[in-house]
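The values are calculated or read from the model by the stated rules, or taken from the named source; none is laboratory data. This structure is a prediction, so every number in the text was calculated from the model and none was measured. All Cβ positions, even for glycine, are placed from backbone atoms using ideal geometry, and neighbour counts span all protein chains on display.
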Amino acid sequence: MSTRNPKAVILMGSKADLDFCKQIAEKLKLFSIESDLRIASAHKTPEHVLNILKSYEEDRVVFITVAGRSNALSGFVDANTDKPVIAAPPIKDNWIDLFSSIRMPSGVASMLVLEAENVALAVAKIFALSDERVRRAVIDYQKRKKEEILKSDEEVK
């Protein structure tokens, strides 16, 4: 069944990343974007990843891949879908894990965005290209962020 509403599919490599994925899902609500949480590993369950991608073929989705250490998930997903893919590795203490998300082979173009709120904003901006409701939500969000800065400036004067 195809969904007309924009949706983010948050695909995590393991349940260890569930808390971070829930943060992303919560931030997506700022833009009225639904999300599905799924678990699949490019290393351990590649067939399962492909089945998940296939189940969203007809939907308006952006895939968010959340995998640390050796992030094969982002590249694998991107190479097997025509939908946008945002790599959102959960940065913990070891920033060296980020390197597996930065360089992708030719023909693989997953985008890298850190921090849950910024991931949600990137998804919203993708959907805003074709969805006026989401575009308005992005504009309102940006206005609130600007107002926060101006208010802070007034408070410290």
- Task: Check region 27-48 and report whether any residue there is part of a helix (DSSP H, G or I), of a type in the set (Lys, Arg) and either at pLDDT 95 or above or closer than 20 Å to residue 125 by Cα (or both).
- Result: yes
- Name the single residue, out of those in region 87-128 being of a type in the set (A, V, I, L, M, F, W, C), at pLDDT 95 or above and out of contact with any helix residue (DSSP H, G or I) (no Cβ under 8 Å at 6 or more places or on another chain), that is farthest from residue 16 (Cα to Cα). 126
- residue 32 versus (1) more than 23 Å from residue 106 (Cα to Cα); (2) surrounded by 17 or more Cβ atoms within 10 Å (Cβ to Cβ); (3) touching a Lys or Arg at 6+ places or on another chain (Cβ under 9 Å): which is the lone unmet condition? (2)
- Of residues in region 92-140 being under 13 Å from the mean Cα position of the chain (by Cα) and in a loop (DSSP other than H, G, I, E, B), the one nearest to residue 74 (Cα to Cα): 110
- Item | Residue that is surrounded by the fewest Cβ atoms within 10 Å (Cβ to Cβ), among those in region 58-69 that are in contact with a Ser or Thr (Cβ under 8 Å, 6 or more places away or on another chain) and assigned to a loop (DSSP other than H, G, I, E, B) | 58
- Taking region 70-89 as the search range and keeping residues that are polar (S, T, N, Q) and touching a strand residue (DSSP E or B) at 6+ places or on another chain (Cβ under 7 Å), which one is surrounded by the fewest Cβ atoms within 10 Å (Cβ to Cβ)? 81
- Message: So the check is Cβ under 8 Å with 6+ separation or different chains; which pairs have a first residue in region 131-157 that's modelled with pLDDT of 95 or more and a second one that's of a type in the set (D, E, K, R)?
- Response: 138/125
